[in-house]
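Scroll down for the structure; my scribbles are underneath it.
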Amino acid sequence: MTVTRFAPSPTGYLHIGGLRTALFSWLTAKHNNGKFLLRIEDTDMARNSQEAKDAILKAFEWVGMSHDGEVVYQSERFGLYKKYIDQLLAEGKAYKCYMTKEELETLRKEQIARNERTRYDGRYRDFKGTPPKGIEPVVRIKAPQEGRIGFIDGVKGEFSVDASEVDDFIIARADGSPTYNFVVAIDDALMGLTDVIRGDDHLYNTPKQIVVYQALGFEIPRFYHVAMINNEQGKKLSKRDGATDVMAYKAMGYLPEALLNFLVRLGWSYGDQEIFSIDEMIKLFDPNDINKSASSYNLDKLLWLNAYYIKHKPESELVALLKEFGVDLQGHENCSMILNATKERGKTLVELAEQIKRILAAPTQYDEKSVKKAFKAEAKEILSAFAERLAKAQPQSQEDFHLLMEEIVKEREIGFGKLGMPLRVSLMGSMTGAGLDEIMAILGKGETIKRIERAIATLV
RNA sequence: GGCCCCAUCGUCUAGCGGUUAGGAUCCAUGGUUUUCAUCCAUGUUACCGGAGUUCGAGUCUCCGUGGGGUCACCA
């Protein structure tokens, strides 16, 4: 069975790049009816925070990517790691190193001065003497000293590094706590991972982890190293680039399905298809099709996708979502009409909410430019005539209102705009927005007349 | 700097030795619409450079250039 995972370290919020990697892993699992596991890599007690853990979990909940089984916390598994450290020590596959941090630093400086690659020199690898007093040793693993360490990457293809690139790295610190590459290999093996999909910034960790796999006799999973997402300038995504926090997209009024659709197309494609429902993604995604090159992201497409998903969102769901943006249409008698009139005019839920608010409440101020353009000489007279006619009639439907407008325009032999423009400013405060008959049908006769009268009073 | 990865319209991408190099987004124009938006149509824009292999190269090889990753008792 296919088992994948996402393994963030809780040092901050979930960012957009992490979400894409998680999505790829999740899709791979779902595609194969497998499991998608979540593991929190919190071995560095100093940098972890509970808020970060919560934020990550929340982001997953928002996008609807559920994990299988319990969340695994590495901080709760130190005993397990200790067991394997002792085992390797006993088997002579790892050893204690009494080099101090200062000595290591000195060695490094010398190597840099000689223009060499910085690496541990293996001085305690075969140490048999009496260990120096007063020094808590670290534990280092014995890495192969010659040949190449390689694997086949599902994205990059064959990949290998010279054994000299991998030194006897530390698996347990002086305080006994295990290090990253060691615990990742153990957890991935113990959790039964078949496919490890992660950012290609981990490419060089893989040979190290393979050393651990081999020392412990674990089966090596298949790796996929996904290229990074860059900003529009092609540079590494950083906090300076604005919204990198997944939850920021929620606040900006994006739909999770739009964000996921956007992300799945970054580094992956299926012919010319642009729109993918979650089910389609699951059906079609294959990690072996992931692109090798990095991609930079550009919000235009996300915005377009978001507009698409808003347009196609079922009404009831839209109503529920809109509540978080200050609009409550629950139980509103004209709910459908309002949504139909505004749906296509908002690229985000924020914009959609604004559009709806303009209908729900009378304008508190009128757009200056629009007023200047619309309220020419005879505007007041035409509007008054229209209001009068409205008062006498009993318009119910959109069509009724439309006919009323047509009557006036025809009788007076004027262009539609002569009535339409000032009317629109009166009702909405500006010259843009939904159809007039649509708006009036929503507002009803009374509110329409009220808004017209108010506009005449304040604008003319 | 060492090692390694990558390279098609501004952006996301298709292409897997023979195509007028396709789609999407953005932008522009036109149509639909009383306005805006939607929708529809049309258009501009790309194979990083140089050698080689081949009858033929965006596609294969090499070199260069550019970008990126990585070299911790961080993860």
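The values are calculated or read from the model by the stated rules, or taken from the named source; none is laboratory data. Treat the numbers as computed from the prediction; the structure is a model and nothing was measured. Cβ: placed from backbone, ideal geometry, glycine included. Neighbour counts: every protein chain shown. Protein only, heavy atoms only, side chains kept; ligands, DNA and RNA dropped before computing areas. Shrake-Rupley method; radii C 1.70, N 1.55, O 1.52, S 1.80 Å.
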Count of residues meeting criterion [in contact (Cβ under 8 Å) with a residue 12 or more places away in the chain, within 12 Å of RNA strand B (Cβ to nearest atom) and either surrounded by fewer than 16 Cβ atoms within 10 Å (Cβ to Cβ) or not in a helix (DSSP H, G or I) (or both)] in region A:381-419: 2
Members of region A:360-377 found to be of a type in the set (A, V, I, L, M) and within 43 Å of the chain's Cα centre (by Cα), listed by number: A:Leu360, A:Ala361, A:Ala362, A:Val371
Residue list for region A:339-352, filter: of a type in the set (A, V, I, L, M, F, W, C), closer than 19 Å to A:Ala248 by Cα and buried (at least 20 other Cβ atoms within 10 Å of the Cβ): A:Leu349, A:Leu352
Conditions (1) in contact (Cβ under 8 Å) with a residue 60 or more places away in the chain; (2) within 27 Å of A:Asp44 (Cα to Cα); (3) open to solvent by less than 30 Å² (accessible area, probe 1.4 Å); (4) not basic (Lys, Arg); number of the one not met by A:Gly176: (3)
Within region A:25-56, considering residues that are part of a helix (DSSP H, G or I), under 27 Å from A:Asp289 (Cβ atoms) and open to solvent by 40 Å² or more (accessible area, probe 1.4 Å), the one nearest to RNA strand B (Cβ to nearest atom): A:His31
Selection count where residues are polar (S, T, N, Q) and either under 12 Å from A:Val226 (Cβ atoms) or in contact (Cβ under 8 Å) with a residue 40 or more places away in the chain (or both), scope region A:3-36: 5
Qualifying residue in region A:378-388 (condition: over 16 Å from A:Ile449 (Cα atoms) and either within 49 Å of the chain's Cα centre (by Cα) or at pLDDT below 95 (or both)): yes
Options A:Leu303, A:Leu299: the member that is under 25 Å from A:Phe24 (Cβ atoms), within 20 Å of the chain's Cα centre (by Cα) and free of Cβ contacts under 8 Å to residues at least 40 places away in the same chain: A:Leu299
Region A:429-454, residues that are under 42 Å from the mean Cα position of the chain (by Cα) and open to solvent by less than 10 Å² (accessible area, probe 1.4 Å): A:Gly429, A:Ala434, A:Ile439, A:Met440
Top-ranked residue in region A:207-237 [being more than 15 Å from RNA strand B (Cβ to nearest atom) and assigned to a loop (DSSP other than H, G, I, E, B); ranked as least open to solvent (accessible area, probe 1.4 Å)]: A:Pro221
Residues that are surrounded by fewer than 24 Cβ atoms within 10 Å (Cβ to Cβ) and not in a loop (DSSP other than H, G, I, E, B), drawn from region A:1-15: A:Val3, A:His15
Residue that is nearest to the chain's Cα centre (by Cα) [pool: residues in region A:250-275 that are open to solvent by less than 50 Å² (accessible area, probe 1.4 Å) and under 14 Å from A:Thr348 (Cβ atoms)]: A:Leu259
Condition check for A:Glu333: at pLDDT below 95 and either at negative phi or β-branched (Val, Ile, Thr) (or both): yes
Meets criteria (away from RNA strand B (no atom under 14 Å from the Cβ) and within 24 Å of A:Gly34 (Cβ to Cβ)) for A:Lys250: no
Region A:308-337, residues that are more than 22 Å from A:Met252 (Cβ to Cβ) and of a type in the set (A, V, I, L, M): A:Met337
Residue in region A:172-180 that is within 7 Å of RNA strand B (Cβ to nearest atom) and acidic (Asp, Glu) present: yes
Residue match in region A:436-454 (condition: within 12 Å of RNA strand B (Cβ to nearest atom), part of a helix (DSSP H, G or I) and not aliphatic (A, V, I, L, M)): yes
When residues of region A:188-206 are limited to those that are near RNA strand B (Cβ under 10 Å from one of its atoms) and touching a residue at least 40 places away in the same chain (Cβ under 8 Å), the one surrounded by the most Cβ atoms within 10 Å (Cβ to Cβ): A:Arg198
